[in-house]
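The values are calculated or read from the model by the stated rules, or taken from the named source; none is laboratory data. Quick caveat, the model's predicted, so the values are computed rather than measured. Using ideal geometry, Cβ is built from the backbone for each residue, glycine included, and neighbour counts are taken over all protein chains shown.
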Amino acid sequence: MLDGSEMLKNHLLAALSDEAQQRIFPKLKRVELSLGDVIYESGQTIEYVYFPVDCIISLLYVTLNGSSAEISVVGREGMVGVAVVMGGESTPNRLIVQSHGFAYRMPAKELTSEFNNHSETRVLMLRFTQALITQMSQTAVCNRHHSIDQQLCRWLLLSLDRLECDQVNMTQELIANMLGVRREGVTEAAGKLQKHGVIEYHRGHITVLNRAKLESLSCECYSVVRNETAGLEARKYLS
(Lines give C-alpha, C1' and ligand atoms only; values in the text may rest on other atoms or scores of the structure.)
Protein backbone atom coordinates (compact mmCIF):
# COMPACT_ATOMS: atom_id res chain seq x y z
CA MET A 1 0.00 0.00 0.00
CA LEU A 2 1.33 3.44 -0.91
CA ASP A 3 1.96 5.89 1.91
CA GLY A 4 -0.98 8.17 1.28
CA SER A 5 -1.80 9.34 4.81
CA GLU A 6 -2.49 12.91 3.71
CA MET A 7 -4.45 11.74 0.68
CA LEU A 8 -6.73 9.85 3.05
CA LYS A 9 -7.83 13.13 4.61
CA ASN A 10 -9.97 13.49 1.50
CA HIS A 11 -13.09 11.43 2.17
CA LEU A 12 -13.57 10.27 -1.42
CA LEU A 13 -10.03 8.96 -1.67
CA ALA A 14 -10.30 7.35 1.77
CA ALA A 15 -13.49 5.54 0.73
CA LEU A 16 -11.74 3.68 -2.08
CA SER A 17 -10.61 0.11 -1.62
CA ASP A 18 -6.90 -0.64 -1.27
CA GLU A 19 -6.88 -1.91 -4.85
CA ALA A 20 -8.43 1.28 -6.21
CA GLN A 21 -6.08 3.42 -4.14
CA GLN A 22 -3.11 1.55 -5.60
CA ARG A 23 -4.32 2.47 -9.07
CA ILE A 24 -5.25 6.08 -8.35
CA PHE A 25 -2.72 7.40 -5.82
CA PRO A 26 0.29 7.30 -8.19
CA LYS A 27 -1.67 9.56 -10.58
CA LEU A 28 -2.22 12.25 -7.93
CA LYS A 29 -0.07 15.35 -7.50
CA ARG A 30 -0.14 17.51 -4.38
CA VAL A 31 -0.74 21.19 -5.20
CA GLU A 32 -1.06 24.30 -3.06
CA LEU A 33 -4.08 26.51 -3.73
CA SER A 34 -4.24 30.13 -2.57
CA LEU A 35 -7.26 32.23 -1.68
CA GLY A 36 -8.73 33.69 -4.87
CA ASP A 37 -7.04 31.27 -7.28
CA VAL A 38 -9.33 30.49 -10.21
CA ILE A 39 -9.28 26.76 -10.96
CA TYR A 40 -11.54 27.03 -14.01
CA GLU A 41 -13.46 29.74 -15.79
CA SER A 42 -16.94 29.05 -17.12
CA GLY A 43 -16.75 27.07 -20.36
CA GLN A 44 -13.11 26.12 -19.89
CA THR A 45 -12.04 22.57 -20.74
CA ILE A 46 -11.39 20.50 -17.61
CA GLU A 47 -7.84 19.15 -17.75
CA TYR A 48 -7.58 18.16 -14.08
CA VAL A 49 -9.88 17.20 -11.24
CA TYR A 50 -9.03 18.21 -7.67
CA PHE A 51 -9.47 16.37 -4.37
CA PRO A 52 -9.19 18.99 -1.60
CA VAL A 53 -7.44 18.10 1.64
CA ASP A 54 -7.73 21.26 3.73
CA CYS A 55 -8.78 23.92 1.22
CA ILE A 56 -12.27 24.94 0.08
CA ILE A 57 -13.28 25.51 -3.53
CA SER A 58 -16.42 27.44 -4.47
CA LEU A 59 -18.48 26.83 -7.59
CA LEU A 60 -19.90 30.13 -8.85
CA TYR A 61 -22.47 30.92 -11.49
CA VAL A 62 -21.40 34.02 -13.40
CA THR A 63 -23.93 36.10 -15.37
CA LEU A 64 -23.25 37.97 -18.60
CA ASN A 65 -22.93 41.27 -16.74
CA GLY A 66 -20.25 39.82 -14.45
CA SER A 67 -22.39 39.25 -11.35
CA SER A 68 -21.83 35.97 -9.54
CA ALA A 69 -23.31 33.77 -6.83
CA GLU A 70 -22.03 30.63 -5.17
CA ILE A 71 -23.99 27.48 -5.94
CA SER A 72 -21.93 25.01 -3.90
CA VAL A 73 -18.72 24.52 -1.95
CA VAL A 74 -16.41 21.52 -1.99
CA GLY A 75 -13.77 20.60 0.54
CA ARG A 76 -12.26 17.43 1.93
CA GLU A 77 -15.56 15.58 1.53
CA GLY A 78 -15.29 15.45 -2.26
CA MET A 79 -13.79 16.66 -5.51
CA VAL A 80 -14.22 19.30 -8.18
CA GLY A 81 -14.52 18.42 -11.85
CA VAL A 82 -17.38 15.92 -11.69
CA ALA A 83 -18.52 17.03 -15.14
CA VAL A 84 -15.83 14.84 -16.72
CA VAL A 85 -17.35 11.65 -15.30
CA MET A 86 -20.82 12.75 -16.35
CA GLY A 87 -19.84 12.96 -20.00
CA GLY A 88 -18.85 16.62 -20.17
CA GLU A 89 -15.51 18.18 -21.05
CA SER A 90 -16.05 21.66 -19.60
CA THR A 91 -17.79 23.32 -16.68
CA PRO A 92 -20.51 26.01 -16.84
CA ASN A 93 -19.23 27.47 -13.58
CA ARG A 94 -16.25 29.43 -12.32
CA LEU A 95 -14.30 27.50 -9.69
CA ILE A 96 -12.42 29.68 -7.22
CA VAL A 97 -10.46 28.91 -4.07
CA GLN A 98 -12.40 30.16 -1.05
CA SER A 99 -9.91 29.01 1.60
CA HIS A 100 -6.17 28.45 1.17
CA GLY A 101 -4.79 24.94 1.50
CA PHE A 102 -3.74 21.83 -0.39
CA ALA A 103 -5.42 19.45 -2.80
CA TYR A 104 -4.48 16.46 -4.94
CA ARG A 105 -4.74 16.95 -8.68
CA MET A 106 -5.41 14.18 -11.18
CA PRO A 107 -5.60 14.32 -14.98
CA ALA A 108 -9.25 14.33 -15.99
CA LYS A 109 -8.74 11.64 -18.62
CA GLU A 110 -7.30 9.32 -15.97
CA LEU A 111 -10.36 9.71 -13.75
CA THR A 112 -12.68 9.22 -16.73
CA SER A 113 -10.91 5.95 -17.55
CA GLU A 114 -11.16 4.84 -13.92
CA PHE A 115 -14.86 5.75 -13.86
CA ASN A 116 -15.61 3.86 -17.08
CA ASN A 117 -13.65 0.72 -16.21
CA HIS A 118 -14.24 0.20 -12.50
CA SER A 119 -17.74 0.03 -11.01
CA GLU A 120 -16.50 0.79 -7.49
CA THR A 121 -15.17 4.19 -8.54
CA ARG A 122 -18.27 4.80 -10.64
CA VAL A 123 -20.62 4.24 -7.68
CA LEU A 124 -18.45 6.42 -5.45
CA MET A 125 -18.44 9.35 -7.88
CA LEU A 126 -22.17 9.09 -8.59
CA ARG A 127 -23.04 9.12 -4.91
CA PHE A 128 -20.87 12.17 -4.34
CA THR A 129 -22.53 13.83 -7.33
CA GLN A 130 -25.89 13.14 -5.68
CA ALA A 131 -24.73 15.00 -2.56
CA LEU A 132 -23.40 17.87 -4.67
CA ILE A 133 -26.70 18.20 -6.55
CA THR A 134 -28.52 18.28 -3.22
CA GLN A 135 -26.32 21.14 -2.07
CA MET A 136 -26.87 23.07 -5.31
CA SER A 137 -30.64 22.60 -5.11
CA GLN A 138 -30.79 23.66 -1.47
CA THR A 139 -28.63 26.70 -2.16
CA ALA A 140 -31.07 27.82 -4.86
CA VAL A 141 -33.98 27.46 -2.43
CA CYS A 142 -32.09 29.29 0.31
CA ASN A 143 -31.13 32.21 -1.93
CA ARG A 144 -34.74 32.61 -3.03
CA HIS A 145 -36.67 32.13 0.20
CA HIS A 146 -34.45 32.86 3.19
CA SER A 147 -33.01 36.02 4.72
CA ILE A 148 -29.42 37.21 4.30
CA ASP A 149 -28.94 36.48 8.02
CA GLN A 150 -29.88 32.82 7.47
CA GLN A 151 -27.83 32.57 4.28
CA LEU A 152 -24.75 33.86 6.09
CA CYS A 153 -25.22 31.32 8.89
CA ARG A 154 -25.58 28.50 6.35
CA TRP A 155 -22.48 29.66 4.47
CA LEU A 156 -20.37 29.87 7.63
CA LEU A 157 -21.45 26.41 8.78
CA LEU A 158 -20.72 24.78 5.41
CA SER A 159 -17.29 26.42 5.46
CA LEU A 160 -16.54 25.28 9.02
CA ASP A 161 -17.46 21.68 8.14
CA ARG A 162 -14.63 21.71 5.61
CA LEU A 163 -11.98 23.27 7.83
CA GLU A 164 -10.04 22.06 10.86
CA CYS A 165 -10.59 25.23 12.88
CA ASP A 166 -13.31 27.68 13.90
CA GLN A 167 -12.01 30.55 11.78
CA VAL A 168 -12.95 31.57 8.24
CA ASN A 169 -10.70 34.06 6.47
CA MET A 170 -12.93 36.04 4.13
CA THR A 171 -13.81 39.71 3.75
CA GLN A 172 -17.42 40.81 3.87
CA GLU A 173 -17.16 41.96 0.25
CA LEU A 174 -16.10 38.50 -0.90
CA ILE A 175 -18.84 36.86 1.17
CA ALA A 176 -21.36 39.19 -0.49
CA ASN A 177 -20.05 38.11 -3.90
CA MET A 178 -20.41 34.46 -2.89
CA LEU A 179 -23.98 34.93 -1.70
CA GLY A 180 -24.90 37.23 -4.58
CA VAL A 181 -26.12 40.00 -2.25
CA ARG A 182 -25.11 43.56 -1.39
CA ARG A 183 -22.15 44.03 0.93
CA GLU A 184 -24.28 46.18 3.23
CA GLY A 185 -26.55 43.20 3.83
CA VAL A 186 -23.63 40.99 4.87
CA THR A 187 -22.23 43.76 7.09
CA GLU A 188 -25.58 44.07 8.89
CA ALA A 189 -25.99 40.29 9.26
CA ALA A 190 -22.44 39.84 10.55
CA GLY A 191 -22.95 42.71 12.97
CA LYS A 192 -25.99 40.96 14.46
CA LEU A 193 -24.05 37.72 14.92
CA GLN A 194 -21.17 39.55 16.58
CA LYS A 195 -23.52 41.49 18.86
CA HIS A 196 -25.03 38.22 20.10
CA GLY A 197 -21.63 36.65 20.71
CA VAL A 198 -21.92 34.10 17.91
CA ILE A 199 -18.91 35.30 15.92
CA GLU A 200 -16.01 37.66 16.22
CA TYR A 201 -15.09 39.59 13.09
CA HIS A 202 -11.84 41.50 12.56
CA ARG A 203 -10.23 42.52 9.27
CA GLY A 204 -11.38 39.61 7.17
CA HIS A 205 -11.09 37.01 9.94
CA ILE A 206 -14.34 35.49 11.21
CA THR A 207 -14.06 33.34 14.33
CA VAL A 208 -17.11 31.32 15.34
CA LEU A 209 -17.51 31.52 19.11
CA ASN A 210 -20.81 29.66 19.49
CA ARG A 211 -21.46 27.04 16.83
CA ALA A 212 -24.61 25.71 18.49
CA LYS A 213 -26.17 29.16 18.38
CA LEU A 214 -25.06 29.60 14.78
CA GLU A 215 -26.83 26.37 13.85
CA SER A 216 -30.00 27.48 15.63
CA LEU A 217 -30.02 30.74 13.65
CA SER A 218 -29.51 29.01 10.31
CA CYS A 219 -32.36 27.81 8.12
CA GLU A 220 -33.10 24.14 7.44
CA CYS A 221 -31.00 24.29 4.27
CA TYR A 222 -27.80 23.67 6.21
CA SER A 223 -29.09 20.54 7.96
CA VAL A 224 -30.43 19.10 4.68
CA VAL A 225 -27.00 19.40 3.04
CA ARG A 226 -25.14 18.23 6.15
CA ASN A 227 -27.34 15.17 6.58
CA GLU A 228 -27.00 14.18 2.93
CA THR A 229 -23.22 14.39 3.07
CA ALA A 230 -22.99 12.70 6.47
CA GLY A 231 -25.27 9.89 5.33
CA LEU A 232 -23.07 9.12 2.35
CA GLU A 233 -19.91 9.23 4.44
CA ALA A 234 -21.43 6.93 7.05
CA ARG A 235 -21.98 4.34 4.31
CA LYS A 236 -18.47 4.96 2.99
CA TYR A 237 -20.28 5.83 -0.27
CA LEU A 238 -20.20 2.15 -1.18
CA SER A 239 -22.43 0.13 1.09
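Evaluated against (1) at positive phi; (2) surrounded by 18 or more Cβ atoms within 10 Å (Cβ to Cβ), Leu152 falls short on exactly one condition, (1). Every test in (1) among the hydroxyl-bearing types (Ser, Thr, Tyr); (2) within 30 Å of Leu124 (Cβ to Cβ); (3) touching a helix residue (DSSP H, G or I) at 6+ places or on another chain (Cβ under 6 Å) is passed by Ser159 save one, and that test is (3).
If the requirement is being closer than 29 Å to Gln138 by Cβ and surrounded by 14 or more Cβ atoms within 10 Å (Cβ to Cβ), which of these qualifies: Leu28, Leu16, Leu64? Reasoning before the result, please.
On the way: Leu28 fails: closer than 29 Å to Gln138 by Cβ; Leu64 fails: surrounded by 14 or more Cβ atoms within 10 Å (Cβ to Cβ).
Every option except Leu16 fails the conditions.
Every residue in the range 37-70 that is at pLDDT below 90 and either on the phi > 0 side of the Ramachandran plot or part of a strand (DSSP E or B) (or both), please. Step through it out loud before you land on a result.
Narrowing the range 37-70 to residues at pLDDT below 90: 42-43, 61-70.
Within the range 37-70, Gly43, Tyr61, Val62, Gly66, Ser68, Ala69, Glu70 meet the criteria.
Within the range 108-116, identify whether any single residue is surrounded by fewer than 19 Cβ atoms within 10 Å (Cβ to Cβ), of a type in the set (D, E, K, R) and touching a Leu at 6+ places or on another chain (Cβ under 8 Å), and answer yes or no. So far as the range 108-116 goes, no, none of its residues is surrounded by fewer than 19 Cβ atoms within 10 Å (Cβ to Cβ), of a type in the set (D, E, K, R) and touching a Leu at 6+ places or on another chain (Cβ under 8 Å).
Taking the listed residues Glu188, Glu110, the one that is in the same structural domain as Leu33 (by TED's automatic domain parsing) and either in contact (Cβ under 8 Å) with a residue 40 or more places away in the chain or not in a helix (DSSP H, G or I) (or both) is Glu110, with no other qualifying. Filtering the range 83-105 to residues that are within 13 Å of the chain's Cα centre (by Cα) and part of a loop (DSSP other than H, G, I, E, B) leaves only His100.
Any residue at all in the range 140-151 that is hydroxyl-bearing (Ser, Thr, Tyr), out of contact with any Asp or Glu (no Cβ under 8 Å at 6 or more places or on another chain), under 27 Å from Pro52 (Cα atoms) and at pLDDT 90 or above?
Of the range 140-151, the ones hydroxyl-bearing (Ser, Thr, Tyr) are 147.
Applying the additional criterion that residues be out of contact with any Asp or Glu (no Cβ under 8 Å at 6 or more places or on another chain) yields 147.
Subset that is under 27 Å from Pro52 (Cα atoms): none.
Among the residues of the range 140-151, not one is hydroxyl-bearing (Ser, Thr, Tyr), out of contact with any Asp or Glu (no Cβ under 8 Å at 6 or more places or on another chain), under 27 Å from Pro52 (Cα atoms) and at pLDDT 90 or above, which makes the answer no.
When each of Leu163, Leu124, Leu152 is tested for being outside any helix (DSSP H, G or I) and either of a type outside the set (S, T, N, Q) or touching a residue at least 12 places away in the same chain (Cβ under 8 Å) (or both), the lone residue that passes is Leu163. How many of the residues in the range 183-204 are farther than 20 Å from Ser99 by Cβ and basic (Lys, Arg)? Of the residues in that region, 2 qualify.
Looking across the range 80-94, the residues that are over 19 Å from Ser137 (Cβ atoms) and surrounded by 20 or more Cβ atoms within 10 Å (Cβ to Cβ) come down to Gly81, Val84, Val85.
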